[in-house]
Every structure is written in C-alpha cells, then in structure tokens.
Amino acid sequence: METGLLVQMLLGALLGLSVYLPLRCGQLSLATPGFYAIGGTVAALLSTRVPALGSGDAFYPIASVLLEMALAALLTGVLALGLGRVVLRLRGIYLAIATIALVEILRVVTLNLEFTGGALGIFGIPQPFSGPEGYVGLTLILLAVVCWLCDRLEKTRPGRAMAAIRDDELAAASQGINTADTKLLAFVLSALVAGVTGVVAAHFLNSWNAKLGNFDASITTLAFVVFGGSRTWLGPVFGGLLLTALPELLRPVGDLRLIVFGAVILVGPLFFPQGLITPQLFQTLWRRMERSAVPRPQEGRP
Amino acid sequence: MSLLQVENVGVRFGGLQALQAVDLAVQEGEIFGLLGPNGAGKTTLFNVVSGLTAASSGSVRWRGAAIDGLSSHRIARLGIARTFQNLRLFNSLSCLDNVLVGLHQHGRQPPLAALLQTPTFRRRESQLRQQALELLSLFGLDTAAHQNAANLSYGDRRRLEMARALASRPQLLLLDEPAAGMNPSEKDDLKNLIRRVRDEFALTVLIIEHHVPLMLGLCDRLAVLNFGQRIALGSPDQVRHDPAVIEAYLGGTP
C-alpha cells in the first residue's frame, strides 16, 4: 500500500473521531469539516506568510507545526464554545442543518476572501518531512493521543453523562447532569480534534483551498461513524480507516468503484445498524475466548 | 418549616388548566401520597417540583427557599430525585452504569486524575462501583448488574429506576406510579421496600399511585387531586371518608 494513502486513512480516522464525540452525546453535528477547514487555513496562512516560523528552512520545523496546532486548537475551541452555546439548543436534525450551514458559510467566506487565496487557495505549504513516512508518524501519534483521550472519557464520569444524555436527555438532567455543559464539552472536543487534524492535512496536502471543507466532507465523515459504529471510539477509527482506503483499493474496477463504495455505505448500516464495531461484539469475542481457554468437562463421567 | 411547600401552584397548557391553586406541604420524614383519577394533574405537579414544567402561577419552596425556575439538574442537586411514570432508563447502558449515572453528582474528580488514572482516582471509582452494586443488591438486581437495562423485566426496570434515583442520595424521593404493571405480591413487596428505604436512607417520599389500598396502607398523609384541584388532604382515614373523594371516584353520593 502507498504510504500517502496510509496518512489519508489516519486523517480519516481522526475526522471520524471528531464526528463521533458529539454523536456519543446524541448530538448529530456535521460541523467537523468546518473546523477542519479552519485548522487547515490557519496552518496554510501561518506557514506561508510568516517567515519567522521557518518556511525558508530546508525542512519546516516541527516546533512550528506544533505552534500552528496550538493556535488552530485555540481558534476552533473558542469558536466552538461560542457557537455551541447557541446551536446546541437545537435538537436532532435541526442541529445537523445548523452545522451544515456553518460549514457552508465558512466555505463561502474562504472562497471569497483575498488573503485565503480565493478559489485557488494557498499553494506551496512548506514540508516538515522529506516524505510521507514522517506524516505517518505524526498522524499516528496524534491518533493515539486522541484515542487515549476518548478511551479515558468513555470510562469516566463525563463519558457516562454523555451516554446518559444520548439515551434520555430529560432523565439525565433529573440525575443532576448539566446537560448543556456536557454537550458543549463534546462539541468543543470535536472541534479541537478537527482543527488539529486540519493543520496536519494542510502540510501533507501541500496546498489548501475552500473545497476541502464542504458539505460532501460532512457526509463522508458522518459515514465513517455510521459505518464503523458510534458506541466506542474504535468504531469511527475503523470506519475512517476503511472508508478512506476503499475508493483507492477499488481503483482496479475503474468507474464502478464509486458505485461499489456507495453500496458498501448503504449495505453496512442495513446489516449492522449499530455499526460494525459495538461493545456487544467485544463481549461476544471475550466469551468465545474464555470458553476456548477453559477446557470443557469430559463427557461420559460417572 | 416543611421540607417541600407547594403554594398556590397553577399550570396552564394552552386552554387546559392542568393544575389550579394547589397547596400542600410535605413534612420531613413522611410518606406523602398523591391520589386522583387519570388526568387529575398528579404527574404535572411532579414535573413542576422537579423542574421539568414551569408553573404558570404560584411557587414551590424547598426548605423555605423558592426553587421554581431552577433547571432540573439544579433541583436534582438540591436533593430531589424522581422516577418516571413511563420509565426513563438509560436503555443502552448496563444496570450498573444506570446507577453510576445516578451517582453523578457525587463522583466528581479532577480531570487530570481521571486522565492519568491516579491511585486516588481508582480508589474513588471503585468506591462508586461498590456503592452502585450495594444499591442494586438492595433491589435484588445485583445478578443483573452487567445486563442492559432494556433487557430487564418490567418490574425489575421499575426497581432499577428507584435504585438510580436513590443513588443521588436524595432527601426527597418522588415516585410516579412505582407499582404500575406489578402483580399483587410484587406490590406488597414494594410497600415494604418503600418503607425500608425511607427508614434506611432517612428519606421523605412523595408518591403517586393508582392502587388505593396500597396507598391507604402505606402513606402517612394523602392529598387527592381532581381536575387539577386539591379536593382533600389528610390521614388515610380522613381521606377515605371524605365525601368529595367518594364523589370523584364513584360519581355522586346518594
């Protein structure tokens, strides 16, 4: 497999996690590509317009990439905090529509602003690594950190509160859970993950334009979670990896590949409505393993 | 001072007057019953007390302080827990997790400790699990701890909802038709369980139930609602012989 594709798969997994976080709280937010675009634009602007960060060097310094990540996280975090207070009052499909609007507004603004390069975007984003291998390392570390955070979140109090809100928001509030703040936390975390992912993607792709954060991306990233499963963080990771790789792996079948890709997205939820990876799956596997580990009592005993 | 005081509370949904000038005061430690035919406004009164429905007029006082207008999670944190008439469990979570969510307000830990899984964090978490398991066993649900709440029988789900409500260590427990769907022997057990829980947890209980014999045998005092108005208030004996109550239930006295 191409190393470049591996990086894209890992980026897909990160975006899947970004959609997953609010969804675990029962909030269908499609804002991920918007925050992803903000992260990418921040990285593109800083690395091409601020020579002090080291764009003239042979290799763009990693420290500057980390600085871009920090700034992107700050910007997306503050924006999500402000926006979340307003849009999270909406429920279900209305929240989805409002967040699609956010993505579209950001796209149109980026398309029309002078300093973001208009329709052409920003070119020649400096490279911190000599090849895609470096990006594999960077995205792997990032993915590992985000997975670890998600895992801790799921197994502790705020994660339990999120699951409770997903199941029954009213009952959750009656248990003393501040539902507004908990949903906001999930929304802000989602924005942070998307923003930081955008920074890495901008360097990896070498150029950045408004098309990278559009409505299509909203649906594709949502498909990662629907396909992989939204009950544990492994679901979106798996969905993101697989569904990013699939169109490339299907290249041999030519033009049929988009049809096959569409069919997979359609058939997945049909046969696995909870997604491919669910907690029940682990329980079943666990029980099988236990059963095979313990020797069965001999038959025909007196 | 009464624990909970409902003063002149009225609720209007469009053209429907669900509650009208209802007054009642619940004293600490008692089991207070709300009786009344369907649509009398009993659940609406629960919703007003627990902050799910705003009162159109009047006020609710908790230990003397007005609590109307507070959001429901704030009211829950004051020490008022409730169950729901139509069961509102977290169906995709295990019984244990349902009760752990009930323990939400007592499980706060510093985020950094949770991330790093410090020994203190682990100890507190295992204490919480222990408390949750104890509550489950009080309700005979310890063997089902790891089952999904959705898979339980109806009576068990009712008991799980009570366990979850008790997890927050409330001072006032609102039970909305806890015996609905239970068979006669389960109803009898429930009566003893509610008494036992009241004594063990030093609770005050406000209970809605349709089963009149159960209510007369269980409650210290009762209020009867009909068409949104309080038509009677007093001990089980007083209420049983109240002409207004007899009329509401049987339709006219000879």
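The values are calculated or read from the model by the stated rules, or taken from the named source; none is laboratory data. Everything numeric in this text was worked out from a predicted model, so none of it was measured. Using ideal geometry, Cβ is built from the backbone for each residue, glycine included, and neighbour counts are taken over all protein chains shown.
Tabulated data
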read-out: Every residue from segment B:95-115 that is within 7 Å of another protein chain (Cβ to nearest Cβ) and either part of a helix (DSSP H, G or I) or β-branched (Val, Ile, Thr) (or both); value: B:Asp97, B:Leu100, B:Val101, B:Gly102, B:His104, B:Gln105, B:Ala114, B:Leu115
read-out: Wholly within segment B:141-232, helices (runs of 4 or more DSSP H) carrying at least 1 residues that are touching a Leu at 6+ places or on another chain (Cβ under 8 Å) and not assigned by TED's automatic domain parsing to the domain that holds B:Thr44; value: B:154-167
read-out: From the options B:Gly41, B:Gly36, residue that is out of contact with any helix residue (DSSP H, G or I) (no Cβ under 8 Å at 6 or more places or on another chain), assigned by TED's automatic domain parsing to the domain that holds B:Arg221 and crowded, with 18+ Cβ neighbours inside 10 Å; value: B:Gly41
read-out: Within segment A:152-171, considering residues that are at the interface with another protein chain (Cβ under 7 Å from one of its Cβ atoms) and of a type in the set (A, V, I, L, M), the one surrounded by the most Cβ atoms within 10 Å (Cβ to Cβ); value: A:Ala164
read-out: Identity of the residue in segment B:54-71, crowded, with 17+ Cβ neighbours inside 10 Å and farther than 16 Å from B:Gln171 by Cβ, that ends up farthest from the other protein chains (Cβ to nearest Cβ); value: B:Gly58
read-out: Enumeration of residues in segment B:79-88 that are touching a residue at least 40 places away in the same chain (Cβ under 8 Å) and surrounded by fewer than 24 Cβ atoms within 10 Å (Cβ to Cβ); value: B:Gly79, B:Phe84, B:Gln85, B:Leu87, B:Arg88
read-out: Search result, residues across segment B:56-85 that are within 15 Å of the chain's Cα centre (by Cα) and part of a helix (DSSP H, G or I); value: B:Ser72, B:His73, B:Ile75, B:Ala76, B:Arg77, B:Leu78
read-out: Test: residue in segment A:110-128 that is within 28 Å of B:Thr83 (Cβ to Cβ) and of a type in the set (A, V, I, L, M); value: no
read-out: Members of segment B:202-239 that are at pLDDT below 90 and farther than 20 Å from B:Phe46 by Cβ; value: B:Pro213
read-out: Qualifying residue in segment B:18-29 (condition: within 14 Å of chain A (Cβ to nearest Cβ) and surrounded by fewer than 18 Cβ atoms within 10 Å (Cβ to Cβ)); value: no
read-out: Breaking point among (1) of a type in the set (D, E, K, R); (2) under 20 Å from B:Leu87 (Cβ atoms); (3) out of contact with any His (no Cβ under 7 Å at 6 or more places or on another chain), for B:Lys187; value: (3)
read-out: Number of positions in segment B:99-158 that are aromatic (Phe, Trp, Tyr), surrounded by 14 or more Cβ atoms within 10 Å (Cβ to Cβ) and closer than 25 Å to B:Ile194 by Cβ; value: 1
read-out: Single residue of segment A:211-261 satisfying the filter (within 11 Å of A:Ala13 (Cα to Cα) and aromatic (Phe, Trp, Tyr)) that is modelled with the lowest pLDDT; value: A:Phe224
read-out: Sole residue being outside the structural domain of B:Thr44 (by TED's automatic domain parsing) and either of a type in the set (Val, Ile, Thr) or out of contact with any Ser or Thr (no Cβ under 9 Å at 6 or more places or on another chain) (or both), chosen from B:Leu133, B:Leu70; value: B:Leu133
read-out: Only one of B:Phe46, B:Phe90 that is aromatic (Phe, Trp, Tyr) and either away from chain A (no Cβ under 11 Å) or assigned to a loop (DSSP other than H, G, I, E, B) (or both); value: B:Phe90
